[in-house]
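The values are calculated or read from the model by the stated rules, or taken from the named source; none is laboratory data. Quick caveat, the model's predicted, so the values are computed rather than measured. Here the Cβ positions follow ideal geometry from the backbone for every residue, glycine too, while neighbour counts run over all protein chains shown.
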Amino acid sequence: MKKIKVAAAVITDGNRIFATQRGYGNYKDWWEFPGGKLEPGETAEEALKREIVEELDTVITVDEYLTTIEYDYPEFHVSMDCFLCSVVSGSLTLLEHEAAKWLPCDDLRQVKWLPSDIEIIELLEERFINGGQK
């Protein structure tokens, strides 16, 4: 099975988290955390900073490692390093996605998340709702 290494940015702003909607592929219209594939020799943090500039014309800081998700889609296996991130500059302009929205931390399931991202949602709910911490 093909393996893909990606990085995902959980961009936070107070008690909100930024989500993007895919505009292409088998999972068109599903929601995900922005990010993308690592280039050869690139760290996950470097890939995230590059991808967010490319996809959203925004500069971010990578604040904290959250988790690595391993998920088998029918077509491939994804290994996704996930990080909490913050906006440094830019306005999260959609260059590749169909739509985007800020979701309140206590209501992240109002969109249809990609299957691999559900584990991140569960982790965030535990952290922000049950743990009550930022």
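Checked against the criterion of being more than 16 Å from Ile17 (Cβ to Cβ) and not β-branched (Val, Ile, Thr), the candidates Glu45, Glu125, Glu32, Glu119 yield just one match: Glu45.
Considering Thr67, Thr43, the condition of being polar (S, T, N, Q) and over 14 Å from the mean Cα position of the chain (by Cα) is satisfied by Thr43 alone. Reported count of residues in the stretch 76-89, each being loosely packed, with under 15 Cβ neighbours inside 10 Å and within 15 Å of the chain's Cα centre (by Cα), is 1. Taking the stretch 87-102 as the range and being over 14 Å from Ala9 (Cβ atoms) and of a type outside the set (Lys, Arg) as the test, the residues that pass are Ser89, Ser91, Thr93, Leu94, Leu95, Glu98, Ala99. For Gly23, the conditions (1) of a type outside the set (D, E, K, R); (2) more than 23 Å from Leu123 (Cβ to Cβ); (3) touching a Leu at 6+ places or on another chain (Cβ under 7 Å) all hold with the exception of (3).
Taken together, Leu124, Leu92 contain a single residue that is in a loop (DSSP other than H, G, I, E, B), in contact with a helix residue (DSSP H, G or I) (Cβ under 7 Å, 6 or more places away or on another chain), in contact (Cβ under 8 Å) with a residue 40 or more places away in the chain and crowded, with 18+ Cβ neighbours inside 10 Å, which is Leu92.
Sort out which residues of the stretch 64-75 are of a type outside the set (S, T, N, Q), modelled with pLDDT of 95 or more and exposed (fewer than 15 other Cβ atoms within 10 Å of the Cβ), and write them in order of number. Within the stretch 64-75, Glu64, Tyr65, Glu70, Asp72 meet the criteria. When you look at Val111, is it aliphatic (A, V, I, L, M), in contact (Cβ under 8 Å) with a residue 40 or more places away in the chain, over 16 Å from Ala9 (Cβ atoms) and surrounded by 13 or more Cβ atoms within 10 Å (Cβ to Cβ), yes or no? When the stated conditions are applied, Val111 passes them.
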